[in-house]
Amino acid sequence: MMKLIQISDHIYKLSIQTTVGIPIIINTWFIVSAHEVYIIDTGMDDYAELQITIAKSLGNPKAIFLTHGHLDHINGAKRISEDLKIPIYAHKNELPYINGEWPYPNKTNPENTGVQYKVKPLATATNLPFIYYLTPGHAPGHVVFFHDQDQILICGDLFISDAQHLHTPIKKFTYNMAENIKSGQIIDKICPKLITTSHGDDLFYSYDVYAIYKFKYEEQTI
Ligand SMILES: [Zn+2]
């Protein structure tokens with residue numbers, strides 16, 4: 001199943017139903033800014049061509065930005081960046097894992113991302129139509145992207161969402177759940193209009209969304 005929808009004036013979301021160990025929906029995004037197209041996350045290589053086609057149809061593909069380096073976010077990056085001749089960016093804290101220098105903290109073997117030493121640090125990207133925030137816990141260099149003009153927060157795997165609630169990401173792919181839950185507080189600082197995540201439905205932000213999430217998932221500390 002594939003679905004491409006426009007979620008705001010400048011942002012399009014591609015949803016692919018696929019199987020990565022388990023059946024899963026993978027969302028990726030295209031942010032359009034004055035004919036330039038920024039690809040947020042790349043999903044799996046087997047539909048990289050589709051993303052290339054979509055990016056070209058929306059304007060001039062400019063760069064790829066990754067929320068983090070897990071395979072279901074980075075696997076399409078090699079083909080898309082080579083075909084479109086565009087750079088890839090991720091947070092510098094994520095680069096040792098993307099480069100295969102270290103395994104992710106909760107894994108024994110380094111990942112083979114196909115883009116070792118090809119990803120640039122986010123801080124070197126300039127003039128972006130969005131800003132990023134570091135949100136570690138799921139991955140050490142996990143970031144979220146906020147499009148201020150459209151009030152959209154692209155959360156990657158900071159949460160798994162349905163149309164009403166936020167949930168934690170999958171535990172075995174998250175190295176520090178307590179830290180991840182703490183990082184989630186960012187939504188109450190930003191107060192976006194809409195929250196969109198990699199593996200679920202979009203939901204509208206309200207003041208109780210994070211409070212309910214924290215109450216439900218935070219571990220008892222006393
Ligand atoms: Zn992940």
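Every number in this text was worked out from the coordinates using simple rules, so none of it is lab data. Predicted model, so just to flag it, every value in this text is computed and none were measured. Because the Cβ atoms are built from the backbone with ideal geometry, glycine has one as well, and the counts that use them run over all protein chains shown.
Descriptive notes on the structure:
- Ile80 vs. criteria buried (at least 20 other Cβ atoms within 10 Å of the Cβ) and touching a Phe, Trp or Tyr at 6+ places or on another chain (Cβ under 7 Å): no
- Members of the stretch 156-165 found to be touching a helix residue (DSSP H, G or I) at 6+ places or on another chain (Cβ under 9 Å) and within 12 Å of the ligand (Cβ to nearest atom), listed by number: Gly156, Asp157, Leu158, Phe159
- Out of Tyr117, Tyr133, sole residue that is aromatic (Phe, Trp, Tyr), assigned to a strand (DSSP E or B) and surrounded by fewer than 20 Cβ atoms within 10 Å (Cβ to Cβ): Tyr133
- Looking only at residues of the stretch 166-222 that are within 16 Å of the ligand (Cβ to nearest atom), more than 15 Å from the chain's Cα centre (by Cα) and in a helix (DSSP H, G or I), we find that the one that is nearest to Val20 (Cα to Cα) is Lys172.
- Candidates are the residues of the stretch 64-83 that are assigned to a loop (DSSP other than H, G, I, E, B) and of a type outside the set (A, V, I, L, M, F, W, C); the one that is nearest to the ligand (Cβ to nearest atom) is His70.
- Breaking point among (1) assigned to a strand (DSSP E or B); (2) under 13 Å from the mean Cα position of the chain (by Cα), for Ile5: (2)
- Tally of residues being aliphatic (A, V, I, L, M), in contact with a helix residue (DSSP H, G or I) (Cβ under 8 Å, 6 or more places away or on another chain) and crowded, with 19+ Cβ neighbours inside 10 Å across the stretch 1-43: 6
- All of Glu94, Glu111 fail the test of being within 16 Å of the ligand (Cβ to nearest atom) and not in a loop (DSSP other than H, G, I, E, B), apart from Glu94.
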